[in-house]
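Quick note: the coordinates plus some simple rules give every number you see, no bench work behind them. Fair warning: this is a prediction, and the values are worked out from it, not measured in the lab. Cβ placement follows ideal geometry from the backbone for every residue including glycine, while neighbour counts extend to all protein chains displayed.
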Ligand SMILES: [Fe+2]
Ligand SMILES: [Fe+2]
C-alpha cells in the first residue's frame with residue numbers, strides 16, 4: 001500500500017472511533033442542554049454524525065480497506081471533559097451551564113474540522129477523488145455546526161453576563177480576607 005494510503009487508512013480508523021464516540025455522547029449533551037435551540041442543534045448533529053460514520057465506511061470501501069476503529073485518545077479526552085461539564089452544569093445557572101456545554105461541543109467540532117481537513121487534502125493528493133469528496137461533505141457539516149454553536153452562544157453569553165452583574169463577588173471577598181489573614185500572620 002502506498003505511504004499516503006497508509007496514512008489515510010490509519011486516520012480514517014481514528015476518525016471512525018471519534019465519530020462512534022460522538023454518536024454515544026451527543027444524546028447526553030442534548031439531554032443536558034436546557035436551551036431548546038441548543039438541544040435541537042445537538043439532536044440535528046447526532047443525525048449528521050450517524051451519516052459521518054456511514055461516509056467513513058464508504059471511504060474504507062473505496063480504499064479496499066476494512067472499516068476498523070482505532071482508539072482516538074484525543075476525542076476520548078474531549079468527550080470526558082464534556083461529561084465533566086454536564087455534571088458540573090447541574091449546579092450552575094441555565095445560561096452558564098449551556099454556555100459551557102456549547103463550548104465543549106465546539107472543541108469537539110474544531111478537532112473534527114482539523115482531522116477531516118487534513119485528511120481531505122491527503123486524499124486529494126493521493127488521487128482518491130471520491131474519498132476526498134466524502135470527507136469534504138462531512139467537513140462542511142462540522143463547520144456548519146461550529147458556526148451554529150457560535151450563534152447560539154451569543155445570547156447565552158448575554159444572559160450569563162447579566163447574572164454576573166447582580167451577584168456579589170464572593171470569591172473576591174474570600175480572597176481579600178485570605179490576604180488580610182496572611183498579612184497579619186506575616187507580622
Ligand atoms: Fe462528525
Ligand atoms: Fe461534529
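Laid out as a table, the results:
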| quantity | calculated |
| --- | --- |
| Expected 222 nm ellipticity per residue - DSSP helices of 4 or more, -39500 (n - 2.57), all of the chain, to 500 | -30500 deg cm²/dmol |
| Residues residue 40 and residue 136, FRET efficiency given R0 of 30 Å [Cβ-Cβ distance, rounded to 0.05] | 0.75 |
| Kirkwood Rh and Cα Rg combined as Rg over Rh, evaluated for the chain | 1.15 |
| Segments 23-30, 71-78, 60-67 sorted - mean Cβ within 10 Å per residue, highest first | 23-30, 71-78, 60-67 |
| Cα-based equivalent ellipsoid of the range 9-112: semi-axis lengths in Å, sorted from largest, via gyration tensor | 29, 14, 9 |
| Extension gain, residue 114 back to residue 93 (0.36 nm per residue minus Cα-Cα distance, nm) | 4.4 nm |
